[in-house]
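Read through the structure below, which is laid out as structure tokens, and then see the notes.
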Amino acid sequence: MAADLTGTYLTLDDGRPAVRFSRVYDHAIDRVWRFVTDPDELAQWFPSRADFDLRPGGTVRFSGDPNMPESTGTVVAVDPPRHLSFEWGGDELRFDLEELDGKRTRFTLTNVLGEENTADRNGAGWEVCLSALDAKARGASFEGPHAGMSAPWREYYEAYVEAGIPSGAPIPGADA
């Protein structure tokens with residue numbers, strides 16, 4: 001049985017490929033903003049620890065991902081607590097938060113892809129990461145991306161390939 005996919009592959013108005021995910025969390029927008037911007041909170045569901053200089057042009061320092069060397073990126077835009085975008089590993093990540101009723105927040109992650117053939121790989125990775133964030137938001141735990149290749153990533157990857165999402169990029173941490 002194929003995994004239930006929550007990501008959407010799309011082409012942005014500027015022609016760049018992207019994958020997008022949306023969730024609704026039963027938390028106020030300020031709490032969800034901390035999930036995205038606080039390095040200790042983010043490290044619980046994101047593949048890397050990210051330390052932000054939260055201003056346009058600010059540096060983002062990534063560490064702790066066994067599949068990527070320590071690196072830096074740049075904050076593209078920030079509008080607390082509604083939007084954060086930054087460069088990461090050749091991609092741009094956009095986090096958009098929308099307050100729904102003071103108690104709930106719509107969370108949208110758009111991964112603007114540097115290369116179209118990374119859509120299935122990245123989509124599968126975000127499924128695992130966002131499962132960890134979903135658990136965190138419920139007060140539960142899920143190892144998510146920190147489980148390495150034992151995470152349920154492969155099932156999502158195969159489902160994205162089967163769905164016709166662009167594929168073919170190398171998979172970090174997988175045997176060649």
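The values are calculated or read from the model by the stated rules, or taken from the named source; none is laboratory data. The shown structure was predicted, so the numbers you read here are calculated from the model rather than taken from an experiment. Here Cβ is always computed from backbone atoms with ideal geometry, including for glycine, and neighbour counts include all displayed protein chains. Accessible surface areas use protein heavy atoms only, side chains included; no ligands, DNA or RNA. Shrake-Rupley method; radii C 1.70, N 1.55, O 1.52, S 1.80 Å.
At-a-glance table
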read-out: Residue check for GLU92: assigned to a strand (DSSP E or B), open to solvent by less than 60 Å² (accessible area, probe 1.4 Å) and closer than 18 Å to TRP126 by Cα; value: yes
read-out: Residue identified as among the β-branched types (Val, Ile, Thr) and farther than 23 Å from GLU158 by Cβ among THR118, THR105; value: THR105
read-out: Members of the stretch 1-26 that are open to solvent by less than 50 Å² (accessible area, probe 1.4 Å) and either within 21 Å of THR105 (Cα to Cα) or at pLDDT below 95 (or both); value: ALA3, GLY7, VAL19, PHE21, ARG23, TYR25
read-out: Residue count for the stretch 27-36, restricted to those that are open to solvent by 20 Å² or more (accessible area, probe 1.4 Å) and out of contact with any Gly (no Cβ under 9 Å at 6 or more places or on another chain); value: 5
read-out: Residue list for the stretch 93-129, filter: charged (D, E, K, R) and over 20 Å from VAL32 (Cβ atoms); value: GLU115, GLU116, ASP120, ARG121
read-out: Extreme residue, most open to solvent (accessible area, probe 1.4 Å), among residues of the stretch 64-80 that are within 19 Å of ALA43 (Cβ to Cβ) and not in a strand (DSSP E or B); value: GLU70
